[in-house]
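Below is one structure; the comments refer to it alone.
The values are calculated or read from the model by the stated rules, or taken from the named source; none is laboratory data. Just so it is clear, the structure is predicted and the values come from calculations on it, not from any experiment. Cβ: placed from backbone, ideal geometry, glycine included. Neighbour counts: every protein chain shown.
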Amino acid sequence: MSNIIHVSHLTKDYKKGKGVFDLSFSVGKGEAFGFLGPNGAGKTTTIRQLMGFIRPTSGTVSINGMDCFLQAATIQKDVGYLPGELPLPEDLTGEQFISFIAKLKGISDIFYAHQLMQRFQLDGKQKMRKMSKGTRQKVGIVAAFMGQPQIFILDEPTSGLDPLMQNEFIQLVLEQKAKGCTIFLSSHIFEEVERTCDRVAILRKGKIASIQPIDTLRHQQSREFHFSFSSQEGATVFYQKMGGTLQEKTVILLSGKEQLPSILQMASSLDICDLSTKSQSLEDTFLAFYGEEQK
Amino acid sequence: MNLTLFRRDFLQNKLLIIIIAAVTAMYSIVVISMFDPALGESLELMMESMPDLFAAFGMTNAGNTLIEFIANYLYGFLFVLLPLVLIVIVTNKLVVRPQDKGTLGWLLATPVSRSKIAVTKAVTLIYTILLEILWILLCCIGASEILFSGELDIQRFLLLNSGLFCLLSLFGGICSCSGCIFSDSTLGTGVSSGICIAFVLLQMLSQVGEETEWLKYLTPLTLFDSTSIAQGDFSVVPILMLLLASIFFFGMGIFVFCKKDFSV
């Protein structure tokens with residue numbers, strides 16, 4: 001598998017601890033690489049360097065073997081880019097903007113763009129300034145995908161989309177992956193990455209904390225279980241056996257999927273009356289694994 | 001140079017260009033219609049009563065010919081400041097706002113190189129200035145021919161406008177250069193328009209009296225001496241200096257644009 005994206009000891013120092021520091025990773029052809037991290041971790045800073053918007057303080061970043069800053073224009077022929085924040089020219093309609101970008105990209109056939117617009121139910125006649133966040137996101141998606149590039153750089157791509165459209169978008173990404181495209185997807189939402197990516201880098205405070213296959217991370221992902229009991233005794237017994245946190249008649253447990261059967265057996269033998277689960281946020285997951293030693 | 005981007009950038013300013021063109025036309029026609037060789041005397045009387053005020057606006061000598069009259073009343077102040085407003089707003093839309101709002105990211109994410117983007121934006125600005133000059137020519141020559149047929153010395157008038165074009169190009173160069181250097185939108189527009197307005201004010205002050213005359217060495221507007229050109233005293237060197245300075249600032253702007261970190 002040849003490397004499409006190659007990042008080596010990449011540092012962009014904005015001082016006061018901001019920026020990204022000594023990042024190294026590669027993304028192979030046809031691979032979907034997730035870039036997970038909480039807000040402010042340096043995801044967008046990394047992407048700006050991949051796109052050639054800013055220059056690294058030190059280290060190198062290349063796509064298809066070309067320097068991302070110096071040969072940005074050549075690289076862009078093969079890249080579809082979807083920014084996280086979508087500042088669109090307010091005076092244009094969606095259709096006007098899409099055809100403007102298509103011309104700049106040298107895309108003469110906009111049949112596919114229209115297909116995408118239909119697929120995402122995008123009304124192209126609307127002025128951008130009147131569009132909701134989700135609708136703007138759809139414009140961005142069409143602009144990024146219409147050229148059918150080989151490489152996708154997607155920065156928090158589903159923000160603002162409703163669940164139905166999020167699903168449609170993930171399908172679209174999976175189709176590109178099946179076609180052999182290389183995908184770099186940044187997100188702070190675990191599910192988004194989980195459904196599309198093969199490997200995931202976790203970024204924290206500008207540094208890569210780990211790079212793992214998605215399966216490993218999936219197994220480590222734990223959930224919060226809230227077990228509510230009808231009697232105080234039940235709750236106390238459960239708490240003594242299982243640990244966690246006791247709040248009146250509710251026990252809050254942090255657990256992976258593996259231990260689930262035994263926990264449920266235990267709970268059902270007591271007077272359990274309610275069970276709810278909550279997925280952990282990325283930050284929580286992260287702290288759960290790396291928290292103590294990182295602090 | 002990218003035609004798609006040029007079209008988009010130019011048309012973005014169409015409303016502003018139309019407004020400035022309308023104001024230009026109005027002033028051209030009104031001022032030229034005021035020309036009356038006989039009336040010149042009464043204007044001179046007025047000027048004698050408050051010479052400083054008239055001098056500040058570049059109206060030192062009403063002149064006897066139509067071109068001197070036009071040079072005095074229009075090229076001393078109005079046709080410098082009005083296009084300056086146009087230049088500041090156009091540069092803001094072309095260079096400053098795309099960085100500030102982040103829409104520049106879309107351009108950088110296309111196979112159009114940075115140098116092409118920068119050159120296209122510079123050409124768009126120069127083209128806009130050129131259009132304004134051509135419009136001035138059309139309005140003034142048109143009004144002169146209709147109202148005072150044959151009175152206007154067309155050849156001198158063309159020279160006058162080539163000088164104005166070089167001066168305005170310098171303003172354009174300063175504005176686009178500052179727009180490329182500063183990432184902050186307030187600074188990007190503020191610094192350049194501040195400098196240009198200071199140049200205009202310095203020239204106004206330098207014309208008021210002898211004590212302040214030395215100020216003329218601080219402003220490039222001195223290089224465009226509309227009165228002398230109207231009197232037939234056209235020298236290439238100062239105009240060429242304006243042009244070279246303009247090329248320098250445009251070049252520097254393009255250079256900075258190609259090297260800059262854009263956090264968009």
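Per-structure values
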| item | result |
| --- | --- |
| Residues that are assigned to a helix (DSSP H, G or I) and either within 14 Å of chain A (Cβ to nearest Cβ) or without any contact (Cβ under 8 Å) to a residue 40 or more places away in the chain (or both), drawn from the stretch B:111-132 | B:ARG114, B:SER115, B:LYS116, B:ILE117, B:ALA118, B:VAL119, B:THR120, B:LYS121, B:LEU130 |
| Positions within the stretch B:222-255 being more than 30 Å from B:SER115 (Cα to Cα) and within 15 Å of the chain's Cα centre (by Cα), in sequence order | B:THR222, B:LEU223, B:PHE224, B:ASP225, B:SER226 |
| Entirely in the stretch A:70-144, the helices (runs of 4 or more DSSP H) that have 2 or more residues that are more than 26 Å from B:LEU3 (Cα to Cα) | A:111-119 |
| Which listed residue is touching a Cys at 6+ places or on another chain (Cβ under 6 Å), of a type in the set (Gly, Ala, Ser) and either within 14 Å of another protein chain (Cβ to nearest Cβ) or buried (at least 19 other Cβ atoms within 10 Å of the Cβ) (or both), from A:GLY84, A:GLY34, A:GLY42 | A:GLY34 |
| Residue within the stretch A:173-189 that is within 30 Å of A:ILE272 (Cα to Cα) and at pLDDT below 90 present | no |
| Pick from the stretch A:87-103, criterion more than 20 Å from A:ILE47 (Cβ to Cβ) and of a type in the set (A, V, I, L, M, F, W, C), ranking: nearest to the other protein chains (Cβ to nearest Cβ) | A:PHE100 |
| Positions within the stretch B:5-48 being under 19 Å from B:GLY142 (Cβ atoms), modelled with pLDDT of 80 or more and not in a helix (DSSP H, G or I), in sequence order | B:MET34, B:PHE35 |
| Qualifying residue in the stretch A:254-268 (condition: modelled with pLDDT of 80 or more, in contact with a Lys or Arg (Cβ under 9 Å, 6 or more places away or on another chain), surrounded by fewer than 18 Cβ atoms within 10 Å (Cβ to Cβ) and not assigned by TED's automatic domain parsing to the domain that holds A:CYS181) | yes |
| Hits in the stretch B:211-261 - residues which are within 14 Å of another protein chain (Cβ to nearest Cβ) and in contact with a helix residue (DSSP H, G or I) (Cβ under 6 Å, 6 or more places away or on another chain) | B:VAL256, B:PHE257, B:CYS258 |
| Hey, A:MET51 in contact with an Asp or Glu (Cβ under 8 Å, 6 or more places away or on another chain) and within 13 Å of chain B (Cβ to nearest Cβ) or not | no |
| In the stretch A:56-81, residue farthest from the chain's Cα centre (by Cα) [restricted to those that are within 11 Å of chain B (Cβ to nearest Cβ) and under 14 Å from A:LEU23 (Cα atoms)] | A:THR57 |
| One residue from B:ILE141, B:ILE154, B:ILE146 being within 20 Å of B:ILE18 (Cα to Cα) and either of a type in the set (Gly, Ala, Ser) or surrounded by fewer than 23 Cβ atoms within 10 Å (Cβ to Cβ) (or both) | B:ILE141 |
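This table checks each residue for (1) part of a loop (DSSP other than H, G, I, E, B); (2) more than 20 Å from A:PRO149 (Cα to Cα).
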residue	(1), (2)
A:PHE33	no, no
A:PRO38	yes, yes
A:ARG48	no, no
A:GLY52	yes, no
A:ARG55	yes, yes
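Rundown of residues vs (1) modelled with pLDDT under 95; (2) under 18 Å from A:ILE47 (Cβ atoms), yes/no style:
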residue: A:ASP123; (1), (2): yes, no
residue: A:LYS127; (1), (2): yes, no
residue: A:LYS130; (1), (2): yes, no
residue: A:THR135; (1), (2): yes, no
residue: A:ALA144; (1), (2): no, yes
residue: A:ILE151; (1), (2): no, yes
residue: A:GLU156; (1), (2): yes, yes
residue: A:GLY160; (1), (2): yes, yes
